[in-house]
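Data block below; observations after.
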């Protein structure tokens, strides 16, 4: 994903995956803790609070919730029950079980489950097990290795797991060895071997499935990870860890609805499964359902008050919802639990950048500079850490790429391909960065690797990228072959269309070249490259191609608005907008138009957007430029019933009636055009997304002038939100105005920016 929301949502999903812990299994062992001291007197009274001081004769006692301090004589006290902390309760239980390694292991596991997230308890258990592991009891060693992984002491975890394997090989020992190795740079092959051994020993074990699935996913091998979980679910459709793992695979592949279904199925079997809850929260983030994501994380924090992933996703949710200050608080909570976690450092850097933008907008430039500097330092710190985290490196590279720092983007993408040598998108983006730097050989190798890794289903962009690399190397036949493969897979692939346009233009097949560029512009109205190429090529034909994308919030020259009462055309946010609520009486249409000589008009085209259900007519319009009677008019757009339609009248004076062509698209967005090769002939073509959908014949006189542009007509009391972008007008110009040098410009237009 190239936009910030998309990339951060993916980051949220990856963060949940990397940090979530499986829900603890219930244990029969309980630990009795008591927050307060309790004193029972001989006359039946009971006091709850804190013992401040006691002697042989009496005690001083503060009552809980009050400032009252009592002095009680011990002769009048029947019993005292002193408070018990989790640490003291666990310590006492561990001390009693020291003589029996198996009982010690059972109590240690129960303590970790019961006081999950309590670092004091975790430290106490780890210290006790380290002291008792001298007997080399496999059960204790296995638990110790598990604790080392949790504490991120991966070297100790590896050593301990190998000790267990040497004494009593087991699936869990191989799993822990695999996890320890996977966390160490350059040891992916060893890790996979250990995890495969674990899977062979216990093909349905939840922990093993989760570990190998996570490993494969982190290596960019999502399809293999999915196969592991699918195989497990064939044997047991209710295997919670496999359902959760499947959810994360689907989430990484962008299948958010399917991922949410997997997580919901897992939670149906185990409502307290933290991994599934965090995965479902990540789905809500990607759907922009921020409140739901936040609430799910609250559920996790009720069970595990120090869950770094839950705080992290809450930070994402608040950031996406626009509450940067609260987002930073939650991110700090996450970093408090996992200091130096590079993924949280990355999202903090993004939050700081957002905060800086808000401060700049408020005129607080010095504070904004400070925040921006803090964010930049965080990014530099992450780069200096060079974490062996393929997905993080991928995100860092994307940030560098979007800021046009192509050299650093190339380095980070290259690092990603080393960490995840089977992840095709990393090679694709490596190729894109190399193209931007005009490093054709590197781009060619990267795209070839992406195609090979994709197997039977390479994306159109992979072929298009390879075509651009071949084009840069001036291997036109090879480039054309790959552009055609890309276009076959995706007829709207803009890079392929522009590449084919360039090649046909180079070979002086002007008509074919123009067709490809027009298709590219229809696929992406913001494709300035296609617009520039067309402008230069039309100039050679004594035609003027006027293109305006409103990106600088300026209006095109010689265009103006008229009509409309409460709703009028205005430029804002990089688009031409028609928005507002109409009055109680039906008004005439609002228009945005330009006037041209009748013999000059060839084509008017634009991207238009309006909801299918909007109670307004909206589209393109050409008509006689006359202050008296209208000789003709032709309108093409959305009718009041939510259809793509056209209507017209000519000098015969018939009433214009909408004629349906097709339903208006559910997306609300279309690219429409009205074109004629000879306006006085009355022969027009209506185009939808670059393709002709209707021929229209009008009975024409010879209008001296024509208005061309847009119209919007709302019903009474209608709320309207419509927009137009990428407005284009093609005109004939008089002989001598075109310029012979247009040919040279047109021939090179498509090659200068590859």
Exercise for review: Name every residue in the range 56-92 that is assigned to a helix (DSSP H, G or I) and closer than 19 Å to residue 45 by Cβ, in order of residue number.
Suggested key: 74, 75, 76
Exercise for review: Scan the range 40-69 and report the pairs whose first residue is exposed (fewer than 12 other Cβ atoms within 10 Å of the Cβ) and whose second residue is part of a strand (DSSP E or B), with Cβ atoms within less than 6 Å and a gap of 6+ or a chain change.
Suggested key: 42/78; 46/40; 53/60
Check your understanding: Does residue 740 satisfy the criteria of being farther than 24 Å from residue 559 by Cβ, at pLDDT below 85, assigned to a loop (DSSP other than H, G, I, E, B) and not assigned by TED's automatic domain parsing to the domain that holds residue 623?
Key -> yes
Practice item. Working carefully through the options 624, 724, 676, find the one that is surrounded by 15 or more Cβ atoms within 10 Å (Cβ to Cβ), over 33 Å from the mean Cα position of the chain (by Cα), in the same structural domain as residue 559 (by TED's automatic domain parsing) and under 23 Å from residue 520 (Cα atoms). Key: 676
**Study point:** Verdict on residue 371 being surrounded by fewer than 17 Cβ atoms within 10 Å (Cβ to Cβ) and either closer than 30 Å to residue 427 by Cβ or at pLDDT 85 or above (or both)
**Key:** no
Revision key, fill the gap. The range 477-596: strands (runs of 3 or more DSSP E) wholly inside it with 3 or more residues that are free of Cβ contacts under 8 Å to residues at least 24 places away in the same chain are 569-572
Review point. Just wondering, is there one or more residues in the range 689-706 that are touching a residue at least 40 places away in the same chain (Cβ under 8 Å), buried (at least 18 other Cβ atoms within 10 Å of the Cβ), assigned to a strand (DSSP E or B) and within 36 Å of the chain's Cα centre (by Cα)?
Key: no
Review point. For the range 186-292, which fully contained helices (runs of 4 or more DSSP H) count at least 3 residues that are modelled with pLDDT under 85 and closer than 24 Å to residue 420 by Cα?
Key: 206-218, 222-235, 240-252
Exercise for review: Determine whether the range 135-158 contains at least one residue that is part of a helix (DSSP H, G or I) and modelled with pLDDT of 90 or more.
Suggested key: yes
Practice item. Working only within the range 294-318, note down all residues that are farther than 23 Å from residue 356 by Cα and either in contact with a strand residue (DSSP E or B) (Cβ under 7 Å, 6 or more places away or on another chain) or in contact (Cβ under 8 Å) with a residue 60 or more places away in the chain (or both). Key: 303, 304, 305, 306, 307, 308, 309
Check your understanding: Taking residue 109, is it out of contact with any strand residue (DSSP E or B) (no Cβ under 6 Å at 6 or more places or on another chain), surrounded by fewer than 13 Cβ atoms within 10 Å (Cβ to Cβ), on the phi < 0 side of the Ramachandran plot and at pLDDT below 75?
Key -> no
Check your understanding: From the list 321, 242, 281, which residue is touching a helix residue (DSSP H, G or I) at 6+ places or on another chain (Cβ under 6 Å) and touching a residue at least 60 places away in the same chain (Cβ under 8 Å)?
Key -> 281
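A quick yes/no check of all residues on (1) part of a strand (DSSP E or B); (2) touching a residue at least 60 places away in the same chain (Cβ under 8 Å); (3) more than 29 Å from residue 520 (Cα to Cα):
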{"residue": "607", "(1), (2), (3)": "yes, yes, no"}
{"residue": "617", "(1), (2), (3)": "yes, yes, no"}
{"residue": "641", "(1), (2), (3)": "no, no, yes"}
{"residue": "654", "(1), (2), (3)": "no, no, yes"}
{"residue": "666", "(1), (2), (3)": "no, no, no"}
Practice item. Answer yes or no as to whether residue 458 is over 26 Å from residue 404 (Cα atoms) and in the same structural domain as residue 520 (by TED's automatic domain parsing). Key: yes
**Study point:** Search result, residues across the range 319-354 that are buried (at least 19 other Cβ atoms within 10 Å of the Cβ) and under 15 Å from the mean Cα position of the chain (by Cα)
**Key:** 319, 320, 343, 346, 347, 350
Practice item. Tell me which of these residue 95 doesn't satisfy, since it passes every other one: (1) assigned to a helix (DSSP H, G or I); (2) modelled with pLDDT of 75 or more. Key: (2)
Revision key, fill the gap. Residue set 397, 432, 422; condition within 30 Å of residue 191 (Cα to Cα) and in a helix (DSSP H, G or I); output residue 397
Exercise for review: Residues being buried (at least 21 other Cβ atoms within 10 Å of the Cβ) and within 19 Å of the chain's Cα centre (by Cα): count how many of those fall in the range 401-411.
Suggested key: 1
Check your understanding: Scanning for something more than 22 Å from residue 731 (Cα to Cα) and either surrounded by fewer than 18 Cβ atoms within 10 Å (Cβ to Cβ) or within 30 Å of the chain's Cα centre (by Cα) (or both), does the range 534-543 turn up at least one residue?
Key -> no
Check your understanding: Does residue 445 satisfy being surrounded by fewer than 23 Cβ atoms within 10 Å (Cβ to Cβ) and at pLDDT 95 or above?
Key -> yes
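The values are calculated or read from the model by the stated rules, or taken from the named source; none is laboratory data. Note that this is a predicted model, so its numbers are computed, not measured. So basically every Cβ, Gly included, is an ideal-geometry build from the backbone, and we count neighbours across all protein chains shown.
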